[in-house]
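Below is one structure, written out as structure tokens; the observations come after it.
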Amino acid sequence: SQTIHQWPATLVQPVGSPLSLECTVEGTSNPNLYWYRQAAGRGLQLLFYSVGIGQISSEVPQNLSASRPQDRQFILSSKKLLLSDSGFYLCAWTSGRRLYNEQFFGPGTRLTVL
Amino acid sequence: AQKVTQAQTEISVVEKEDVTLDCVYETRDTTYYLFWYKQPPSGELVFLIRRNSFDEQNEISGRYSWNFQKSTSSFNFTITASQVVDSAVYFCALSMRGNEKLTFGTGTRLTIIP
């Protein structure tokens with residue numbers, strides 16, 4: 001069966017510090033991968049998605065970036081965090097071979113920028 | 001463009017009552033897919049159901065049931081005999097055939113009062 005991991009689970013970072021969040025998927029190959037952010041009490045905002053290694057699509061211009069160095073690894077980064085980057089970050093995957101998009105989510109990373 | 005509207009921001013009901021969460025969608029495509037996700041306090045989004053646009057048959061799974069009506073572009077979710085464990089934020093989502101992305105509604109926070 002497929003599983004998705006995210007780490008760290010929680011993170012407290014000062015403004016201006018760098019960020020690296022990691023997501024890995026097990027039990028599948030060539031998945032589509034997604035990064036979402038959820039601000040406190042708000043809905044989901046799609047940040048990036050990837051349909052293959054090195055292929056990244058950005059949905060919202062910001063100081064965040066994403067990379068996919070391996071087939072089942074998706075990394076969210078920032079060189080300098082802003083207060084507004086605080087939130088709950090969710091990684092999701094779906095099979096790249098399906099026509100529809102039933103996404104499965106990881107446990108999330110709760111980021112607080114102080 | 002596609003859109004999902006969950007007009008109910010918050011709902012509170014007493015345990016054992018039935019509750020219906022509304023979802024209205026907009027799309028120009030004739031082939032599309034609708035989803036419901038549950039986000040408990042732990043934060044991880046849990047997939048509940050997927051419905052294809054060409055299948056209007058309603059579905060029941062235990063205490064959960066879904067009413068899909070293309071005529072009103074609605075995909076409502078009913079919980080029968082609610083329990084405290086049903087307390088969560090529920091998201092409705094939409095995707096189009098061949099599209100890698102999901103469009104989420106803003107979610108409905110459901111609180112079951114013991």
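Take chain A, mark every one of the trypsin sites (Lys or Arg not before Pro) that falls in a DSSP loop and has at most 15 other Cβ within 10 Å, then report the longest stretch left between them, sites excluded.
The segment A:1-41 is the longest one with no such site.
Tell me, what is the FRET efficiency for B:Val85 and A:Lys80 to the nearest 0.05, using R0 = 41 angstrom and their Cβ-Cβ distance as r?
0.50
Tell me which of B:Thr72, B:Ser42, A:Leu64 sits at the most positive position along the dipole axis of the protein assembly as shown, charges placed on C-beta atoms (Lys, Arg +1; Asp, Glu -1).
The one lying farthest along the dipole's positive direction is A:Leu64.
Can you work out ³J(HN,Hα) from phi for every residue in segment B:37-42, in order, using Karplus 6.51 cos²θ - 1.76 cosθ + 1.60 and θ = phi - 60°, giving whole Hz and x for Gly and Pro?
Per-residue couplings from phi come out as 10, 10, 10, x, x, 5 Hz.
Could you derive backbone 3J(HN,Hα) for segment B:58-75 from the dihedral phi with the Karplus parameters 6.51, -1.76 and 1.60 (θ = phi - 60°), listing whole Hz in sequence and x where the residue is Gly or Pro?
For segment B:58-75, the Karplus curve yields 6, 10, 10, 9, x, 7, 9, 8, 10, 10, 9, 10, 5, 4, 10, 6, 10, 9 Hz.
Quick one: 3J(HN,Hα) in Hz for segment A:6-16, Karplus 6.51/-1.76/1.60 with θ = phi - 60°, rounded, Gly and Pro as x.
9, 8, x, 6, 9, 7, 10, 10, x, 4, x
Can you work out the FRET efficiency for the pair A:Ser57 and B:Ser42, with r the C-beta to C-beta distance and R0 = 30 Å, to the nearest 0.05?
0.55
Beyond 25 Å between alpha-carbons counts as too far, so tell me which of A:Lys80/B:Lys38; B:Lys16/B:Lys38; B:Lys3/B:Lys70; B:Lys38/B:Lys70 fall in that bin.
A:Lys80/B:Lys38
Just counting partner chain Cβ atoms within 10 Å, what average do the residues of peptide B:33-42 show around their Cβ?
2
Rule-based calculations on the coordinates, nothing more; no lab input. All figures in this text were calculated on a predicted structure; none of them were measured in a lab. Reconstructed Cβ throughout: ideal geometry from the backbone, glycine too, with neighbour counts over all protein chains shown.
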